Protein chains: 2
Amino acid sequence: MSRWALGVDLGGTAVKVAVIDEKGGVLDHERHPTHADAGPEGIIGHIASLGFAMYDRFRDRLGEKLFAGIGLGAPGAVDSRRGILSYPPNLPGWEQYPLKSRLQRVLADDYSLHCSLILENDANIAACGEAVFGAGREFDDFMMITLGTGVGGGIILNRRLYRGSCGTAGEIGYMTVDYRGKSVHAGVRGTVESLIGKKSIVTLGLEIYRAKALQASSEEFHGRQLCDLSPRTLEKAAKHGDPLAIETWNKVGAVLGVGLAGVVSLMDIRKFVIGGGISAVGELIFSPAFEQMKASTLPSMHEGMDIVPASLGNRAGVFGAAALCFALIE
Amino acid sequence: MSRWALGVDLGGTAVKVAVIDEKGGVLDHERHPTHADAGPEGIIGHIASLGFAMYDRFRDRLGEKLFAGIGLGAPGAVDSRRGILSYPPNLPGWEQYPLKSRLQRVLADDYSLHCSLILENDANIAACGEAVFGAGREFDDFMMITLGTGVGGGIILNRRLYRGSCGTAGEIGYMTVDYRGKSVHAGVRGTVESLIGKKSIVTLGLEIYRAKALQASSEEFHGRQLCDLSPRTLEKAAKHGDPLAIETWNKVGAVLGVGLAGVVSLMDIRKFVIGGGISAVGELIFSPAFEQMKASTLPSMHEGMDIVPASLGNRAGVFGAAALCFALIE
């Protein structure tokens, strides 16, 4: 019999819960709304209830003694040693919250479930998932980048999660690549996320289409109005050969490439695993990102540089949370 | 009796050689011209000769058996495991050279000196020096930044040197902070070094003075012509309250701060030790750098951020090289 764990991935809009065994088998997987406005205690109660229900469905079949515990990924700054979540974006009212001890207390008091619980940053658990079960398996050192609403990152060094001094490492989205630019995100000017977060990609696309409105046949492209412009429509248009959509993705890829080049120069990490919803556009981003990464680094650093797509999709987080429970990565 | 080692710091213009004991005592210290045009074998012969002469002067007094070996810092990409130096800037004709094995061979053949030899990047040995004997002693994790002709860096994580996948980590000078800017260094646009390397500081100062030529009393400041503008004269002028010189250092500090903020966001390193010739201006740079580092990072990352001056001056390299020989750091 294999050990099993619950992987939980808490996001601003959805909570994902999965039952995963030590070999990476997914025995169950659910996605629920977060109800972010319920505040810390509401969300903790919600996670406890969802987690326990799933645990309860499997404990007889898989064996209570083989249950390795719960791994929980959360957005924001996570002090995994002390179990404290600080200032999660998109989760109002948290500030600094002892998420780990509170969740353990609720599980114990309300459900008599006493188990180990590992709390980690959501981008970090995604990196762990790809490291143990996904596209990062072949790399000793790599950085996982998540392109979505925001731009997140998790760093694996020597097959271990690199957390930094206070647990906030990997925030490539906050690295500045355009310090004199006009884009600002979370109060910081010219960051990668301010330039290629989901909303900024749409803004960039609009700018490019509007600047060339005549070419784009009176503000339409492939039958859509510009007000419908989204990463999805930009992807479709680019795949149909629309030059303005391709130009948009080239610029997105170039900014990503500048950010990756910074990682190469500073950390000498040369392998990148790219996931998150936006990464579905694939080579439209990867190819210009790779070219820009080369252009923005010394030739002596080019050897071994690679960008590969993540392979676990939006389940990387729950996989990584479970992998931490099994101590397949630490 | 204490163990002793030779610390050697090979630069484009000078080779420094020192005899250092395990407690950080400097028993001798010399500085010689590099003769960079002599090429790899010429320089290796030169280092062997200088190193052996110093070894020979001390071996009876300090004891051959207590000699821990030679630590050698060199500019460029260093593969310390294989002992290969690649593309050292300011040293023509090297490309990729097996510096370690060649130097050991010359020492053995020409001087009958058989000893262990550690080869490491020059910014990395400076970081090791500050970590073991200098301003980094109090920090588990920090980054040493060297501001001089170029902008270099070495990273200490958990009191060990962080080298990266291929030994080139720490190159903060090549991080891009202004990807659309016009400054270029070593083929890469908008890097920290392109903006605040020694020459760029002078260029920046000239721009600021020329833009405000009237204020600066017809291209003079403190009795000097603008053609004499240098980091040294800019420092003097700023310390005499010259607003344009202060503005220059403020801008230099701000760019440094943006670079440091990238290190904070990506690596969650919050302590910085700043050395190199330019760092002598002290708070003229440190203070704007610290303010900009705060402005370019999330508030949740501000705790514990600190910038301190290096304490070993231009001897950090030979100290670090010796510290590696004693295995006081690895």
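The values are calculated or read from the model by the stated rules, or taken from the named source; none is laboratory data. Because the structure is a prediction, the values reported are computed rather than measured. Cβ atoms come from the backbone with ideal geometry, glycine included; neighbour counts cover every protein chain shown. Heavy atoms of the whole protein, side chains included, go into the accessibility calculation; ligands, DNA and RNA do not. Shrake-Rupley method; radii C 1.70, N 1.55, O 1.52, S 1.80 Å.
Points to keep in mind about this one:
- Within-12-Å neighbourhood charge of residue A:88 [Cβ basis; K, R +1; D, E -1]: -2
- For residue B:182, the label point sits 7 Å beyond Cα toward Cβ; its separations from the matching points on the remaining copies run 2.0 nm, from shortest to longest.
- Anisotropy class of segment A:74-115 from Cα gyration tensor, a/c 1.5 cut: prolate
- Shape class for segment B:138-311, computed from the alpha carbon gyration tensor (a ≥ b ≥ c): prolate, with a/c not under 1.5 and a/b above b/c.
- Residues with amide H under 5 Å from that of residue A:312, placed H, sequence gap 5 or more: A:135
- Fraction of beta bridges assigned by DSSP in segment A:138-311 that are antiparallel (%, nearest 5): 65
- Of the complete DSSP H runs in chain B, those spanning 15 angstrom or more by Cα along the long axis with a mean Kyte-Doolittle score not below -0.5 are B:39-62, B:122-133, B:198-211, B:243-267, B:283-295.
- Peptide A:265-278 - average C-beta neighbours from other chains (10 Å radius): 5
- Rounded percent of accessible protein surface that carbon and sulfur make up, chain A, 1.4 Å probe: 48
- Interface of B with A. Using a 1.4 Å probe and counting protein heavy atoms only, the two chains hide about 3500 Å² of accessible surface, both sides summed.
- The DSSP beta bridges internal to the protein assembly as shown are antiparallel in roughly 65% of cases.
- The residues of segment A:17-108 have, on average, 47 Å² of accessible surface per residue, using a 1.4 Å probe with all protein chains present.
- Percent RCO, i.e. relative contact order, over chain B, from Cα pairs under 8 Å lying at least 6 residues apart: 21
- 3J(HN,Hα) along segment B:158-175: 6, 6, 10, 5, 9, 9, x, 4, 10, x, 10, 5, x, 7, 4, x, 9, 6 Hz, from the Karplus curve 6.51 cos²θ - 1.76 cosθ + 1.60 with θ = phi - 60°, whole Hz, x for Gly and Pro.
- Computed over protein heavy atoms with a 1.4 Å probe, the accessible surface of segment A:138-311 works out to 39 Å² per residue.
- Average partner coverage of B:183-190, which counts Cβ from other chains inside 10 Å: 3
- Charges were assigned to the Cβ only: +1 to each Lys and Arg, -1 to each Asp and Glu. The resulting dipole of the protein assembly as shown about its Cα centre is roughly 80 debye.
- Note that segment B:84-98 has calculated 3J(HN,Hα) couplings of 10, 9, 10, 6, x, x, 6, 10, x, x, 8, 6, 10, 9, x Hz, one per residue in order, obtained from phi through the Karplus relation 6.51 cos²θ - 1.76 cosθ + 1.60 (θ = phi - 60°); glycine and proline are x.
- Local electrostatic count at residue A:326 - Lys and Arg +1, Asp and Glu -1, tallied over other residues with Cβ under 12 Å: -1
- ³J(HN,Hα), Karplus 6.51/-1.76/1.60, whole Hz, each residue of segment B:141-146, x for Gly, Pro: 10, 7, 10, 9, 10, 10
- Summarising the amide proton neighbourhood of residue A:96: residues at separation of 5 or more, or on other chains, whose placed amide H is nearer than 5 Å comprise A:87.
- The residues of segment A:298-317 occluded by other protein chains by 10 Å² or more of accessible area, set against the chain on its own, are A:298, A:300, A:301; surface from heavy atoms, 1.4 Å probe.
- A cut-off of 5 Å between modelled amide H atoms, ignoring neighbours fewer than 5 places along the same chain, links residue A:77 with A:86.
- Other-copy label distances relative to residue B:199, 7 angstrom Cα-Cβ extension, nm: 4.2
- Only Lys, Arg, Asp and Glu carry charge here, each on its Cβ (+1 for the first two, -1 for the last two); on that basis chain A has a dipole of about 120 debye about its Cα centre.
- Whether chain A is rounded, prolate or oblate, judged on the alpha carbon gyration tensor where a/c under 1.5 counts as rounded: prolate
- Label point 7 Å beyond Cα along the C-beta direction, distances from residue A:330 to other copies (nm, shortest first): 1.7
- The helix-based estimate of mean residue ellipticity at 222 nm for chain A, built from -39,500 (n - 2.57) per DSSP H run of four or more residues and divided by its residue count, is -12000 deg cm²/dmol to the nearest 500.
- Ordering of A:148-154, A:273-279 by packing is A:148-154, A:273-279, highest average first (other Cβ atoms within 10 Å, averaged per residue).
- Other protein chain C-beta atoms within 10 Å of residue C-beta, averaged over B:252-264: 4.
- Along each principal axis, Cα extent of the protein assembly as shown, largest first, Å: 78, 65, 45
- Segment A:222-296 and segment A:62-103: distance between their alpha carbon centers, rounded to Å: 32
- Neighbourhood net charge (11 Å Cβ-Cβ; Lys/Arg +1, Asp/Glu -1) for residue A:269: -2
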